[in-house]
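Below is one structure, written out as structure tokens; the observations come after it.
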Amino acid sequence: MRRDHWGSRLGFIMAAAGSAVGLGNIWKFPYMAGGHGGSAFLILYLAFVLGFGLALVIAELVLGRMSGRNPVGAFRVMAGGAWPLVGGIGVLTAVLILSFYCVVAGWTIAYLFYAIEGALDATSAGTLESLFNQLTGSGLAPLCYAAAFMAISVVIVSRGVGSGIERASKLFMPLLFVVLVVMTARAVTLPGAGAGIAFLLKPDLSAIDGETVSAALGQAFFSLSLGLGGLVTYGSYMRASAHIGRDALAVVLLDTLVAMLAGLLIIPAMFAAGMTPGAGGAGTTFKVLPAVFAALPGGHWIAIGFFALLTLAALTSSVSLLEPIVAWLGDEHDIARGRAAPLAGLACMVLAVPVSLSFGVWEHVRIMGYSIFGLLDFLTNNLSLPFGSLMTAIVVGWIIGPRAVAALGPDGRPVGAWAQAWLFVVRFVAPIGIVWILIQGLV
Ligand code: PHE
């Protein structure tokens, strides 16, 4: 079967940045940073993104382009033996992440409607809290929003790589960026925001412990879409002429910039509203943002624009979670895209039911001390993404090795001295770092 390809360099960068930039940046990063000491978390996060995140993004892309396969096929062709199992765990991880991703994205759609109705205009912290609890506490409504979100993702993925994923990303990503910059500029000038800026930017390492380290690593991987083979799959659609290192750098910088902007939006806004950082948990973004909208001229319209764009940002990420599943079903099991996408979407929706209920009627259900959402989040963020990245580093660094270095450049041309530094990071720095952090997280 002929493999699809990205239409242009910009198309790939926007699709890969669309994958990276999503709820992870705007929903998750602020409450993770807030709950783990602010600047301490940010410093670790940046260290992991630059220290080995970038190198691993390149590793996944090169594994994909060299093999031209889905995650399972890529490990089979390039490494053989039991390695395809790693790809299989990646595909399963994509299913697990999607099952909570669609729930949160569903909230975003609900908030888009609230914004249109004016329910977010001029509200107090108390009413915002109950608005969120009312939404997540009602059994059916959030599931319908999640299903609607999943249906759109399925339609985009069914349409294929170039006309579906790439076109959507090229349009929405730049718009989101502009709205985010405007909102952040307002948030940091709110009265009382200064303490929030200091909390995030003034270095204070006293909050660093094993848990913070492993949370920051997981967040870095989640945000960069690393560790489950999503980028392997996107790499398999890259043209021979693409310069993997340069394109990867652009994607990583964009993702990091958006996370920083979102952190500087939400956390100062929380301080301005008198909330303690970290207290809001998974609902933080939704409880805090309306206060920022209310403080902006034309806030009603900005709220509408913001939640519309956040939904779109979530979509360009959810398609990148669906795509490795669909590519696996297609490459390995000969199931056509048009059938594979709805099948995968349905599987994730089934799992989304308990996840959604765990924010409402099943709130008190505990498994190993975690809520259902908390457990899925922990398993994917803290275990399977680092594990998948570790295995990718071993395969690319040691099994493929110098051949991978030769495959980084456009049309096989050498790319310069940085490639050796890259190989060193993939061989030594990343594996040792990840193992050490995995152990920190478990003890
Ligand atoms: N990176 C996406 C986000 O930040 C989530 C994601 C994780 C997408 C893993 C693909 C693979 O929202």
Return the total of residues in region 395-427 being open to solvent by 80 Å² or more (accessible area, probe 1.4 Å) and assigned to a helix (DSSP H, G or I). 7
Going by the conditions given, is Ser214 out of contact with any strand residue (DSSP E or B) (no Cβ under 6 Å at 6 or more places or on another chain) and either among the β-branched types (Val, Ile, Thr) or closer than 30 Å to Val435 by Cβ (or both)? yes
Does Val62 qualify as being away from the ligand (no atom under 16 Å from the Cβ) and surrounded by 23 or more Cβ atoms within 10 Å (Cβ to Cβ)? yes
Name the residue that is most open to solvent (accessible area, probe 1.4 Å), counting only residues in region 120-137 that are in contact with a helix residue (DSSP H, G or I) (Cβ under 7 Å, 6 or more places away or on another chain) and not in a helix (DSSP H, G or I). Ala122
Within region 204-318, helices (runs of 4 or more DSSP H) holding 2 or more residues that are within 16 Å of the ligand (Cβ to nearest atom) and open to solvent by 40 Å² or more (accessible area, probe 1.4 Å): 244-272
Does Ala327 meet the test of being open to solvent by less than 10 Å² (accessible area, probe 1.4 Å), touching an Asp or Glu at 6+ places or on another chain (Cβ under 9 Å) and farther than 17 Å from Lys28 by Cβ? no
Given the criterion surrounded by fewer than 23 Cβ atoms within 10 Å (Cβ to Cβ) and within 16 Å of the ligand (Cβ to nearest atom), identify the matching residue among Leu85, Leu46. Leu46
Inside region 327-348, the number of residues satisfying the requirement of being farther than 16 Å from Pro84 by Cα and either part of a helix (DSSP H, G or I) or not β-branched (Val, Ile, Thr) (or both) is 14
Residue that is nearest to Pro290 (Cα to Cα), among those in region 301-322 that are of a type outside the set (Gly, Ala, Ser) and at pLDDT 95 or above: Leu321
Does at least one position in region 367-384 carry a residue that is part of a helix (DSSP H, G or I) and of a type in the set (Asp, Glu)? yes
What residue, among those in region 332-344 that are crowded, with 22+ Cβ neighbours inside 10 Å and away from the ligand (no atom under 15 Å from the Cβ), is farthest from Phe221 (Cα to Cα)? Ala340
Could you grab me the full set of residues in region 7-29 that are touching a Lys or Arg at 6+ places or on another chain (Cβ under 7 Å) and within 15 Å of the ligand (Cβ to nearest atom)? Met14
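So that you can scan it fast, the table gives a plain yes or no per residue for (1) among the hydrophobic types (A, V, I, L, M, F, W, C); (2) open to solvent by 20 Å² or more (accessible area, probe 1.4 Å); (3) in contact with a Cys (Cβ under 6 Å, 6 or more places away or on another chain):
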| site | (1), (2), (3) |
| --- | --- |
| Val353 | yes, yes, no |
| Gly360 | no, no, no |
| Gly369 | no, yes, no |
| Gly374 | no, no, no |
| Thr380 | no, no, no |
| Pro386 | no, no, no |
| Ala393 | yes, no, no |
Counting only residues that are open to solvent by 50 Å² or more (accessible area, probe 1.4 Å) and farther than 22 Å from Arg9 by Cα, region 152-177 contains a total of 2
Of the numbered conditions (1) in contact with a Phe, Trp or Tyr (Cβ under 8 Å, 6 or more places away or on another chain); (2) away from the ligand (no atom under 16 Å from the Cβ); (3) not hydroxyl-bearing (Ser, Thr, Tyr), Glu323 satisfies every one except a single condition; which is it? (2)
Matching option when the condition is in contact with a Pro (Cβ under 6 Å, 6 or more places away or on another chain) and closer than 27 Å to Ser371 by Cβ, among Pro277, Pro324: Pro324
What number of residues within region 92-118 are surrounded by 16 or more Cβ atoms within 10 Å (Cβ to Cβ) and away from the ligand (no atom under 16 Å from the Cβ)? 5
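The values are calculated or read from the model by the stated rules, or taken from the named source; none is laboratory data. Here the structure is a predicted model, which is why all the values come from computation and not from measurement. All Cβ positions, even for glycine, are placed from backbone atoms using ideal geometry, and neighbour counts span all protein chains on display. Areas reflect the complete protein model, heavy atoms only, side chains present, ligands, DNA and RNA absent. Shrake-Rupley method; radii C 1.70, N 1.55, O 1.52, S 1.80 Å.
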